[in-house]
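Worksheet: the structure to be examined is printed underneath.
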(Lines give C-alpha, C1' and ligand atoms only; values in the text may rest on other atoms or scores of the structure.)
Protein backbone atom coordinates (compact mmCIF):
# COMPACT_ATOMS: atom_id res chain seq x y z
CA UNK A 1 0.00 0.00 0.00
CA UNK A 2 2.84 2.32 0.94
CA UNK A 3 4.61 1.67 -2.33
CA UNK A 4 1.35 2.29 -4.20
CA UNK A 5 1.08 5.73 -2.59
CA UNK A 6 4.73 6.38 -3.31
CA UNK A 7 4.29 5.56 -6.97
CA UNK A 8 1.07 7.61 -7.05
CA UNK A 9 2.88 10.60 -5.57
CA UNK A 10 5.73 10.15 -8.03
CA UNK A 11 3.26 9.92 -10.93
CA UNK A 12 1.43 13.05 -9.77
CA UNK A 13 4.70 14.91 -9.32
CA UNK A 14 5.92 13.84 -12.73
CA UNK A 15 2.69 14.95 -14.37
CA UNK A 16 3.01 18.30 -12.62
CA UNK A 17 6.63 18.60 -13.59
CA UNK A 18 6.26 17.37 -17.15
CA UNK A 19 5.20 20.76 -18.57
CA UNK A 20 8.62 21.98 -17.45
CA UNK A 21 10.10 20.02 -20.31
CA UNK A 22 8.37 22.36 -22.71
CA UNK A 23 9.91 25.29 -20.87
CA UNK A 24 12.87 24.91 -23.18
CA UNK A 25 10.80 26.73 -25.78
CA UNK A 26 9.15 30.04 -26.33
CA UNK A 27 5.87 30.21 -28.24
CA UNK A 28 3.99 32.95 -29.99
CA UNK A 29 0.20 33.10 -29.87
CA UNK A 30 0.17 31.65 -33.40
CA UNK A 31 1.98 28.56 -32.21
CA UNK A 32 5.41 29.45 -33.49
CA UNK A 33 8.15 27.91 -31.45
CA UNK A 34 11.29 30.02 -31.03
CA UNK A 35 14.60 28.45 -30.08
CA UNK A 36 18.11 29.81 -29.64
CA UNK A 37 21.13 27.66 -30.39
CA UNK A 38 24.76 28.03 -29.43
CA UNK A 39 27.44 26.90 -31.87
CA UNK A 40 28.22 23.19 -31.84
CA UNK A 41 25.32 22.46 -29.48
CA UNK A 42 22.36 20.50 -30.76
CA UNK A 43 19.97 21.34 -27.95
CA UNK A 44 18.45 24.79 -27.76
CA UNK A 45 19.23 27.09 -24.87
CA UNK A 46 16.79 26.36 -22.08
CA UNK A 47 13.96 28.73 -21.51
CA UNK A 48 14.88 28.93 -17.83
CA UNK A 49 18.26 30.30 -18.79
CA UNK A 50 16.74 32.81 -21.19
CA UNK A 51 14.20 33.89 -18.61
CA UNK A 52 17.04 34.59 -16.20
CA UNK A 53 17.72 37.46 -18.54
CA UNK A 54 21.22 36.78 -19.75
CA UNK A 55 23.39 34.29 -21.55
CA UNK A 56 27.13 34.26 -22.02
CA UNK A 57 29.26 33.33 -24.99
CA UNK A 58 32.92 32.45 -24.60
CA UNK A 59 35.40 31.62 -27.32
CA UNK A 60 33.79 29.26 -29.81
CA UNK A 61 30.71 28.86 -27.64
CA UNK A 62 28.73 31.74 -29.08
CA UNK A 63 25.16 32.15 -30.22
CA UNK A 64 24.76 30.51 -33.58
CA UNK A 65 21.16 30.99 -34.69
CA UNK A 66 17.52 31.60 -33.86
CA UNK A 67 15.12 28.97 -35.17
CA UNK A 68 11.40 29.55 -35.72
CA UNK A 69 9.31 26.42 -36.03
CA UNK A 70 5.63 25.88 -36.72
CA UNK A 71 3.96 23.49 -34.33
CA UNK A 72 0.72 23.19 -36.26
CA UNK A 73 -0.42 23.69 -39.84
CA UNK A 74 -0.77 27.37 -40.27
CA UNK A 75 -0.16 29.89 -42.98
CA UNK A 76 -0.82 33.54 -42.80
CA UNK A 77 0.41 36.82 -41.55
CA UNK A 78 2.60 37.10 -38.55
CA UNK A 79 3.98 40.18 -36.91
CA UNK A 80 7.33 39.24 -35.48
CA UNK A 81 10.08 41.73 -34.85
CA UNK A 82 13.56 40.52 -34.07
CA UNK A 83 15.97 43.19 -32.91
CA UNK A 84 19.53 42.97 -31.70
CA UNK A 85 21.29 45.91 -30.09
CA UNK A 86 24.91 46.36 -29.18
CA UNK A 87 25.96 48.26 -26.10
CA UNK A 88 28.46 50.91 -27.02
CA UNK A 89 31.18 52.21 -24.73
CA UNK A 90 29.08 55.27 -24.15
CA UNK A 91 26.36 53.08 -22.55
CA UNK A 92 24.09 53.63 -25.50
CA UNK A 93 22.43 50.87 -27.47
CA UNK A 94 22.88 50.69 -31.18
CA UNK A 95 20.56 48.65 -33.38
CA UNK A 96 22.78 46.27 -35.29
CA UNK A 97 20.36 43.65 -36.60
CA UNK A 98 16.65 43.75 -37.29
CA UNK A 99 14.15 41.59 -39.07
CA UNK A 100 10.41 41.86 -39.44
CA UNK A 101 8.67 38.63 -40.34
CA UNK A 102 5.21 39.35 -41.66
CA UNK A 103 4.18 36.23 -43.50
CA UNK A 104 5.28 32.68 -43.36
CA UNK A 105 4.02 29.16 -43.72
CA UNK A 106 4.39 27.51 -40.35
CA UNK A 107 3.52 23.92 -41.07
CA UNK A 108 5.25 21.00 -39.40
CA UNK A 109 6.83 19.98 -42.68
CA UNK A 110 8.00 23.29 -44.04
CA UNK A 111 8.11 25.34 -40.97
CA UNK A 112 11.69 26.01 -40.10
CA UNK A 113 12.98 29.51 -40.47
CA UNK A 114 16.55 30.02 -39.33
CA UNK A 115 18.11 33.38 -38.64
CA UNK A 116 21.89 33.10 -38.46
CA UNK A 117 23.45 35.18 -35.72
CA UNK A 118 26.98 33.99 -36.28
CA UNK A 119 29.19 35.31 -37.92
CA UNK A 120 27.40 38.67 -37.83
CA UNK A 121 27.88 38.68 -34.07
CA UNK A 122 31.07 37.13 -32.77
CA UNK A 123 32.89 40.03 -31.19
CA UNK A 124 33.43 40.55 -27.51
CA UNK A 125 30.77 42.85 -26.16
CA UNK A 126 27.31 43.16 -24.71
CA UNK A 127 24.24 42.66 -26.86
CA UNK A 128 20.53 42.74 -26.20
CA UNK A 129 18.19 40.48 -28.13
CA UNK A 130 14.47 41.07 -28.18
CA UNK A 131 11.58 39.45 -30.00
CA UNK A 132 8.28 41.26 -30.20
CA UNK A 133 5.11 39.47 -31.32
CA UNK A 134 2.36 41.81 -32.46
CA UNK A 135 3.61 44.63 -30.29
CA UNK A 136 3.93 42.37 -27.25
CA UNK A 137 7.45 41.67 -26.05
CA UNK A 138 7.91 37.91 -26.11
CA UNK A 139 11.43 37.76 -24.81
CA UNK A 140 14.36 40.03 -24.11
CA UNK A 141 17.71 39.01 -22.80
CA UNK A 142 21.28 40.17 -22.52
CA UNK A 143 23.91 38.30 -24.49
CA UNK A 144 27.48 38.89 -23.47
CA UNK A 145 30.48 37.60 -25.38
CA UNK A 146 33.47 37.40 -23.10
CA UNK A 147 37.13 36.68 -23.48
CA UNK A 148 38.04 33.05 -23.72
CA UNK A 149 41.17 31.67 -22.08
CA UNK A 150 44.23 33.03 -23.72
CA UNK A 151 42.48 36.07 -25.11
CA UNK A 152 42.47 39.64 -23.99
CA UNK B 1 57.93 32.05 -89.21
CA UNK B 2 54.35 32.94 -89.87
CA UNK B 3 53.16 30.58 -87.11
CA UNK B 4 55.64 32.13 -84.66
CA UNK B 5 54.11 35.54 -85.32
CA UNK B 6 50.64 34.10 -84.93
CA UNK B 7 51.53 32.56 -81.55
CA UNK B 8 53.19 35.81 -80.47
CA UNK B 9 50.15 37.79 -81.52
CA UNK B 10 47.78 35.45 -79.68
CA UNK B 11 49.98 35.63 -76.57
CA UNK B 12 49.99 39.44 -76.64
CA UNK B 13 46.22 39.52 -77.11
CA UNK B 14 45.69 37.07 -74.23
CA UNK B 15 47.98 39.08 -71.97
CA UNK B 16 46.13 42.27 -72.75
CA UNK B 17 42.82 40.55 -72.08
CA UNK B 18 43.80 38.99 -68.75
CA UNK B 19 42.97 42.06 -66.55
CA UNK B 20 39.34 41.64 -67.64
CA UNK B 21 39.08 38.62 -65.37
CA UNK B 22 39.82 40.91 -62.43
CA UNK B 23 36.92 43.10 -63.46
CA UNK B 24 34.49 40.38 -62.51
CA UNK B 25 34.99 41.44 -58.89
CA UNK B 26 34.46 44.67 -57.10
CA UNK B 27 37.76 45.78 -55.68
CA UNK B 28 37.86 48.94 -53.64
CA UNK B 29 40.73 51.41 -53.74
CA UNK B 30 41.95 49.87 -50.49
CA UNK B 31 42.12 46.44 -52.03
CA UNK B 32 39.00 44.85 -50.61
CA UNK B 33 37.25 42.44 -52.90
CA UNK B 34 33.47 42.41 -52.57
CA UNK B 35 31.46 39.53 -54.02
CA UNK B 36 27.75 38.77 -53.91
CA UNK B 37 26.52 35.22 -54.43
CA UNK B 38 23.15 33.98 -55.58
CA UNK B 39 21.58 30.97 -53.93
CA UNK B 40 23.21 27.65 -54.85
CA UNK B 41 25.79 29.41 -57.00
CA UNK B 42 29.50 28.97 -56.53
CA UNK B 43 30.42 31.84 -58.81
CA UNK B 44 29.96 35.43 -57.70
CA UNK B 45 27.48 37.62 -59.54
CA UNK B 46 29.14 39.02 -62.62
CA UNK B 47 30.08 42.66 -62.67
CA UNK B 48 27.93 43.02 -65.78
CA UNK B 49 24.85 42.58 -63.59
CA UNK B 50 25.59 45.82 -61.76
CA UNK B 51 25.02 49.36 -62.83
CA UNK B 52 27.84 51.67 -61.85
CA UNK B 53 26.35 54.89 -60.57
CA UNK B 54 29.43 56.81 -59.63
CA UNK B 55 33.05 56.85 -58.64
CA UNK B 56 34.73 59.89 -57.20
CA UNK B 57 38.33 60.97 -56.82
CA UNK B 58 38.62 59.50 -53.34
CA UNK B 59 37.88 56.08 -54.77
CA UNK B 60 34.31 55.90 -53.49
CA UNK B 61 32.20 53.64 -55.69
CA UNK B 62 28.44 53.30 -55.97
CA UNK B 63 26.82 50.36 -57.71
CA UNK B 64 23.27 49.22 -58.16
CA UNK B 65 21.84 45.77 -58.64
CA UNK B 66 18.25 44.59 -59.10
CA UNK B 67 17.43 40.93 -58.63
CA UNK B 68 14.33 38.75 -58.65
CA UNK B 69 15.52 36.49 -55.89
CA UNK B 70 17.37 37.50 -52.77
CA UNK B 71 21.14 37.19 -52.69
CA UNK B 72 22.45 34.52 -50.39
CA UNK B 73 25.68 35.96 -49.07
CA UNK B 74 28.26 38.68 -49.33
CA UNK B 75 31.93 37.82 -49.22
CA UNK B 76 34.62 40.37 -48.45
CA UNK B 77 38.27 39.56 -48.74
CA UNK B 78 41.47 41.52 -48.46
CA UNK B 79 43.79 41.30 -51.41
CA UNK B 80 46.58 43.16 -49.70
CA UNK B 81 50.12 42.02 -49.94
CA UNK B 82 51.98 41.28 -46.73
CA UNK B 83 53.43 43.95 -44.47
CA UNK B 84 50.47 46.28 -44.78
CA UNK B 85 48.70 47.50 -41.69
CA UNK B 86 45.40 46.01 -40.63
CA UNK B 87 42.64 48.33 -41.70
CA UNK B 88 39.30 48.39 -39.89
CA UNK B 89 36.08 48.47 -41.87
CA UNK B 90 32.38 48.15 -41.21
CA UNK B 91 29.52 46.84 -43.27
CA UNK B 92 26.00 48.13 -42.85
CA UNK B 93 22.83 46.96 -44.58
CA UNK B 94 19.94 49.40 -44.33
CA UNK B 95 16.34 49.03 -45.41
CA UNK B 96 15.62 52.08 -47.54
CA UNK B 97 11.89 52.15 -46.80
CA UNK B 98 12.09 51.86 -43.02
CA UNK B 99 15.56 53.42 -42.75
CA UNK B 100 16.32 50.68 -40.23
CA UNK B 101 19.64 48.94 -39.94
CA UNK B 102 19.12 45.32 -40.94
CA UNK B 103 22.66 44.10 -40.51
CA UNK B 104 25.78 45.69 -39.11
CA UNK B 105 29.29 44.54 -38.43
CA UNK B 106 32.01 46.92 -37.38
CA UNK B 107 35.08 44.88 -36.73
CA UNK B 108 36.23 43.76 -40.12
CA UNK B 109 39.96 43.93 -40.52
CA UNK B 110 41.94 43.40 -43.64
CA UNK B 111 45.65 43.44 -43.95
CA UNK B 112 48.32 41.12 -42.63
CA UNK B 113 46.29 37.95 -42.86
CA UNK B 114 44.14 39.05 -45.83
CA UNK B 115 41.05 37.74 -44.12
CA UNK B 116 37.92 36.62 -45.87
CA UNK B 117 34.52 37.20 -44.35
CA UNK B 118 31.42 35.44 -45.58
CA UNK B 119 28.17 36.86 -44.28
CA UNK B 120 24.76 35.34 -44.90
CA UNK B 121 22.19 37.85 -46.13
CA UNK B 122 19.28 35.39 -46.30
CA UNK B 123 16.96 35.40 -44.49
CA UNK B 124 17.84 38.71 -42.86
CA UNK B 125 17.17 40.17 -46.29
CA UNK B 126 14.48 38.26 -48.07
CA UNK B 127 13.64 34.66 -47.47
CA UNK B 128 15.27 31.41 -48.45
CA UNK B 129 12.04 29.91 -49.71
CA UNK B 130 10.84 30.34 -53.27
CA UNK B 131 7.34 31.33 -52.21
CA UNK B 132 7.02 35.04 -52.97
CA UNK B 133 6.38 36.34 -49.49
CA UNK B 134 6.02 40.03 -49.17
CA UNK B 135 9.04 40.26 -46.92
CA UNK B 136 11.17 39.10 -49.82
CA UNK B 137 10.90 42.39 -51.60
CA UNK B 138 12.50 45.69 -50.85
CA UNK B 139 15.28 48.11 -51.42
CA UNK B 140 18.44 47.96 -49.39
CA UNK B 141 21.75 49.74 -49.22
CA UNK B 142 24.88 47.78 -48.52
CA UNK B 143 27.53 50.18 -47.36
CA UNK B 144 31.18 49.44 -46.73
CA UNK B 145 32.92 52.06 -44.67
CA UNK B 146 36.39 52.67 -43.40
CA UNK B 147 36.17 53.03 -39.63
CA UNK B 148 37.95 56.03 -38.24
CA UNK B 149 38.59 56.80 -34.60
CA UNK B 150 35.79 59.35 -34.68
CA UNK B 151 32.45 57.60 -34.41
CA UNK B 152 29.92 58.73 -36.99
CA UNK B 153 32.74 59.90 -39.13
CA UNK B 154 33.16 56.84 -41.22
CA UNK B 155 34.57 57.13 -44.70
CA UNK B 156 32.24 55.57 -47.19
CA UNK B 157 34.22 53.57 -49.68
CA UNK B 158 31.52 51.60 -51.40
CA UNK B 159 27.76 51.41 -51.68
CA UNK B 160 25.66 48.76 -53.37
CA UNK B 161 22.00 49.58 -53.85
CA UNK B 162 20.29 46.23 -53.75
CA UNK B 163 16.69 45.83 -54.86
CA UNK B 164 14.61 42.65 -54.74
CA UNK B 165 11.82 43.11 -57.24
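The values are calculated or read from the model by the stated rules, or taken from the named source; none is laboratory data. Predicted, not measured: the structure shown is a model, and the values here were computed from it. Positions of Cβ are backbone-derived with ideal geometry, glycine not excepted, and every protein chain shown enters the neighbour counts.
Annotations
- Residue that is nearest to the chain's Cα centre (by Cα) [pool: residues in region A:90-120 that are in a loop (DSSP other than H, G, I, E, B), more than 7 Å from chain B (Cβ to nearest Cβ) and under 22 Å from residue B:119 (Cβ atoms)]: A:117
- Among the conditions (1) on the phi < 0 side of the Ramachandran plot; (2) free of Cβ contacts under 8 Å to residues at least 12 places away in the same chain; (3) out of contact with any strand residue (DSSP E or B) (no Cβ under 9 Å at 6 or more places or on another chain), the only one that residue A:91 does not satisfy is (1).
- Restricting region B:1-50 to residues that are surrounded by 13 or more Cβ atoms within 10 Å (Cβ to Cβ) and part of a helix (DSSP H, G or I), the residue that is modelled with the highest pLDDT: B:49
- Here A:98, A:22 are screened, and the one residue that is surrounded by 10 or more Cβ atoms within 10 Å (Cβ to Cβ) and either modelled with pLDDT of 90 or more or touching a helix residue (DSSP H, G or I) at 6+ places or on another chain (Cβ under 7 Å) (or both) is A:98.
- Qualifying residue in region A:66-79 (condition: at the interface with chain B (Cβ under 9 Å from one of its Cβ atoms) and either free of Cβ contacts under 8 Å to residues at least 24 places away in the same chain or out of contact with any strand residue (DSSP E or B) (no Cβ under 7 Å at 6 or more places or on another chain) (or both)): no
- For region A:71-89, filtered to residues that are at pLDDT below 80 and in a strand (DSSP E or B), the residue that is surrounded by the most Cβ atoms within 10 Å (Cβ to Cβ) is A:75.
- Residue in region B:120-129 that is modelled with pLDDT under 65 and either assigned to a strand (DSSP E or B) or surrounded by 14 or more Cβ atoms within 10 Å (Cβ to Cβ) (or both) present: yes
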